[in-house]
Amino acid sequence: MNQHVVFLERDSLKARMRRPDFEHSYEEYPHTRGDQVVPRLRPATVAIINKVRLNDEILAQLPSLKLIAMCATGYDGIDMDACRRRGIAVTNIRNYAIHTVPEHVFALVLALRRNLLAYRQEIEQGAWQKSEQFCLFTHDIGELFGSTMGIIGEGAIGQAAAAIARGFGMRVLFAYHPSPKKKKVVLTPLDQVLAESDVLSLHCPLLPATRNLIGIEELRKMKRSALLINTARGGLVDEAALVQALEERVIAGAGFDVLTVEPPANGNPLLELRGPNFILTPHVAWASAEAMQTLADQLIDNIEAWVAGRPQNLVT
């Protein structure tokens, strides 16, 4: 059977992508608006998507569609119940960013713990140049050695972050959360992790059970000296609550790579924060050249395996 493959968001993946090794026709688009999804996917048997949303109403108009191949790990934009009813398989990408995301986590942690933004700002303002001694002690600097890192999400990326943390001499606690994976590690009650962590890093999926997992009540349970790091999904944290917590010094700082709505074309409260205790990057923790190429290769592997009748990385 000739498969018709349609990639709706080619510009979301900056990597070489080989063509599938089976009989097929192929179309790709740099990006796709909501009103373009149905006409572009109507002839498709295989859809490659990243952030395009596919709900029941849209899927009902795509009778030829048999496979949705995510070029990402998260799939909360897909109506999975509708896919099951219609016999549409869904695959996602796994374990491709186990180095780049944890490295980004610790780039944020170190910049915040050592107050790099504040010191850079003071140099730009001439404070060091006017100093009466060789160094400037205007902001506290903390070490990671001997501190505690709490991790919510015990999958491959969470465990890779834990390995780096232990390399810094940190104690690691994995928190129990509403949708734990297979218990590869000992899980600690969330309240205990909130209370004991000097750094709390999120690595769990965005599901109904984890949406706004961290709100103002959870933030108030954390140490006033603690850092919150989110390189997972924006919806895991109540963003208004985080703004309040940072402004009221409920926690010491935060580093985020994700927002609830991306791109934040209509604004976001986190965009208004200007202090050195908050760092926001534009969803690039995953995007090393090496990780993107691994993703592209696995994406085609997933499609080829499904066509061959040996599906892998199926979302259930």
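Read-outs throughout are calculated quantities, based only on the coordinates presented, and are distinct from any laboratory measurement. Treat the numbers as computed from the prediction; the structure is a model and nothing was measured. Neighbour counts are summed over all protein chains in view; Cβ atoms, including those assigned to glycine, are modelled from backbone coordinates with ideal geometry.
In this structure, Arg53 and Arg166 have a Cβ-Cβ separation that, at R0 = 35 Å, corresponds to a calculated FRET efficiency of about 0.35. Here the chain is assigned +1 on the Cβ of each Lys and Arg and -1 on the Cβ of each Asp and Glu. Its dipole about the Cα centre then comes out at about 640 debye.
If you sort the three axes of the alpha carbon gyration tensor as a ≥ b ≥ c, you get a/c under 1.5 for region 1-94, which makes it rounded. Distance between the 7 Å Cα→Cβ label points at Val315 and Leu271: 2.6 nm.
Multiplying the residue separation of Met80 and Ser25 by 0.36 nm and subtracting their alpha-carbon distance yields 17.2 nm. Assuming charge only on the beta carbon of Lys and Arg (+1) and of Asp and Glu (-1), the dipole of region 180-316 about its Cα centre is about 440 debye to the nearest 20. Placing dummy labels 7 Å off each Cα toward the beta-carbon, the span from Gln36 to Thr281 is 2.9 nm. Let's test the formula: R0 of 45 Å, r as the Cβ-Cβ distance of Phe145 and Arg211. What FRET efficiency results, to the nearest 0.05? That pair, Phe145 with Arg211, gives E of 0.85. Here each label is just a point 7 Å from Cα along the line to Cβ, and for Gln125 and Glu262 those points are 3.2 nm apart. State the Cα centre-to-centre distance between region 92-118 and region 210-225 in whole Å. Cα centroid to Cα centroid, the span is 20 Å. The residues Asp35, Asp198, Asp297, when put in order of fewest to most other Cβ atoms within 10 Å, stand as Asp35, Asp297, Asp198.
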